[in-house]
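Inspection log for the structure reproduced underneath, given as structure tokens.
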Amino acid sequence: MTDSDPSALAPPPAPTQHRRSLLLAIGAGAALAGAGLALWHQAEAPEPVAEPFSGFWTQQWTANDGKMLPMRSFVGKPLLINFWASWCAPCVEELPMINAFYASHHKAGWQVLGLAADKPANVQEFLRKTPLYFSVAVDATLATQWARQLGNVSGGLPFSVVLNSAGEVAQRKMGKLSQTDLDEWANLK
């Protein structure tokens, strides 16, 4: 048998009462901070406006061609509203799929409105490179405001909302759409 250091085999020293109290205090403080942050975030998030949306159908948007696009022109048919921006990579990735959805379903009554939370010049440049067949309107401030009122409390992009022919929210999706989303939504009226 060889001699060995007896301290290497000894159990670690028990934490002192002071150290234990300090660890408990740090843990409790972190828990309280997390709870406070969650409550603050919840209090800051605006509540979506109750349906029907006050003022929504009287809203007018500036279309990409500079003409006014009244929301009342969309009343009575199912409508997919897509909030996007030219600088948003997932938005740009999903737009061709939304364009194909519109091309396939507009004869069945589907409408699509792209609301760009962007600068008009950026959207015009984007549309020169990637033409879209559905209506596109541009107003960063109003698009953000209406996205929040339609349920996008985080303000992120892309965000899509489906309104049925009665003008009620039938679906919402935060983040990039999938073909499955669009296929399922096509059956809504």
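The numbers here are math on the coordinates, done by the rules we state, and not lab data. Fair warning: this is a prediction, and the values are worked out from it, not measured in the lab. Here the Cβ positions follow ideal geometry from the backbone for every residue, glycine too, while neighbour counts run over all protein chains shown.
Calculate the spin-label point distance for Val153 paired with Arg72, positioning each point 7 Å from the Cα along the beta-carbon direction, and give it in nanometres.
According to this spin-label approximation, the distance is 3.3 nm.
Based on DSSP, what percent of beta bridges with both residues in the range 56-185 are antiparallel, to the nearest 5? Present the calculation step by step, with values, prior to reporting the outcome.
Values: 14 of 24 bridges.
Restricted to the range 56-185, the bridges split so that about 60 percent are antiparallel.
Just to verify a number: FRET efficiency for Asn122 and Gln145, C-beta to C-beta distance, R0 = 22 Å, to 0.05?
0.70
How many nm separate the modelled label positions at Ser104 and Ala166, each set 7 Å beyond the Cα in the direction of the Cβ?
My value for the distance between the label points is 2.7 nm.
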